[in-house]
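Following this message is one structure expressed as structure tokens.
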Amino acid sequence: MILHGYFRSSAAWRTRIAFNLKGVAPQSVIHNLRDGAQNEPAYAAINPQKLIPALELDDGTVLTQSLAIIGWLDREVPQPPLFPVDNALRARVEAFALVIACETHPFQNPKIQKRLRGKGFSEADVQDWLAAAMSEGLGACEKLIRDQPGPFCFGDAPTLADICLVPQIGSARRYGIDLAPYPKLVAIDAHCATLTAFIAAMPDQQPDAV
């Protein structure tokens with residue numbers, strides 16, 4: 001099993017956390033996004049979207065999109081579960097994760113930023129747009145868990161919500177986003193940072209970290 005990734009990719013970071021939580025260690029193949037390695041024909045043949053991550057299974061099947069990869073992993077390796085048993089709570093976990101993966105994270109994708117610049121947006125405009133998207137997404141996530149006791153997003157064990165939250169908080173810090181309005185999210189991130197599965201997945205722990 002081969003996991004195609006890059007140390008700074010938030011989406012790849014999510015999958016690393018999930019694999020660590022499950023105690024599964026796929027072979028890692030690195031594609032430097034800064035150098036445009038994801039656009040090489042060999043990788044495009046693996047993932048037509050030319051996005052990180054992608055997971056090659058032992059039988060040659062290729063899985064793309066981090067949430068789909070994590071969902072597959074959770075079904076293949078049921079313990080520890082990454083979703084609550086309660087159906088309504090599971091839907092809330094999925095919704096939280098989608099706010100980050102689908103509504104917040106895409107604006108930090110280099111491909112999106114390149115297109116904005118290509119349309120004539122100044123660097124300041126691009127960064128303002130990114131900051132607004134991150135702040136709106138994190139603000140929504142803070143409210144989505146306001147009734148939850150912690151220490152994780154939804155209860156006393158990590159779920160897909162935490163797997164998505166931690167890389168997004170990391171990106172927010174990298175882009176200089178003020179996290180003061182989101183104390184609950186910051187506290188959850190700090191708690192996750194004490195766990196080996198999350199520590200080992202951090203970008204600065206990866207062999208391609210710069």
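The values are calculated or read from the model by the stated rules, or taken from the named source; none is laboratory data. These numbers were taken from a predicted model, which means no experiment stands behind them. We place every Cβ from the backbone using ideal geometry, glycine too, and count neighbours over all the protein chains shown. Please note that ligands, DNA and RNA were not included when accessible areas were found on the heavy atoms of the full protein model with its side chains. Shrake-Rupley method; radii C 1.70, N 1.55, O 1.52, S 1.80 Å.
Cβ-Cβ below 7 Å, separation at least six or inter-chain, first residue in the range 112-138 and touching a residue at least 24 places away in the same chain (Cβ under 8 Å), second surrounded by fewer than 17 Cβ atoms within 10 Å (Cβ to Cβ): which pairs?
Between residues of the range 112-138 that are touching a residue at least 24 places away in the same chain (Cβ under 8 Å) and residues that are surrounded by fewer than 17 Cβ atoms within 10 Å (Cβ to Cβ), the close pairs are L130/Y175; A131/Y175; M134/Y175; G137/E103.
Which number in (1) open to solvent by 20 Å² or more (accessible area, probe 1.4 Å); (2) in contact (Cβ under 8 Å) with a residue 60 or more places away in the chain marks the one condition that R173 misses?
Only one criterion in (1) open to solvent by 20 Å² or more (accessible area, probe 1.4 Å); (2) in contact (Cβ under 8 Å) with a residue 60 or more places away in the chain is unmet by R173, namely (2).
Filter the range 194-205 for residues that are touching a residue at least 12 places away in the same chain (Cβ under 8 Å), open to solvent by 20 Å² or more (accessible area, probe 1.4 Å) and in a loop (DSSP other than H, G, I, E, B) and give the result.
L195, A200, M202
Of the residues L144, L116, L55, only one is out of contact with any Leu (no Cβ under 8 Å at 6 or more places or on another chain), of a type in the set (A, V, I, L, M, F, W, C) and over 26 Å from V186 (Cα atoms); which?
L116 is the lone residue from the list that is out of contact with any Leu (no Cβ under 8 Å at 6 or more places or on another chain), of a type in the set (A, V, I, L, M, F, W, C) and over 26 Å from V186 (Cα atoms).
Filter the range 18-44 down to the residues that are without any contact (Cβ under 8 Å) to a residue 60 or more places away in the chain, open to solvent by less than 80 Å² (accessible area, probe 1.4 Å) and in contact with a His (Cβ under 9 Å, 6 or more places away or on another chain) and list them by number.
The answer is V29, H31, A37, Q38, Y43.
Quick check, is A131 more than 29 Å from L73 (Cα to Cα) and among the hydrophobic types (A, V, I, L, M, F, W, C)?
Here the answer is yes, as A131 does meet what is asked.
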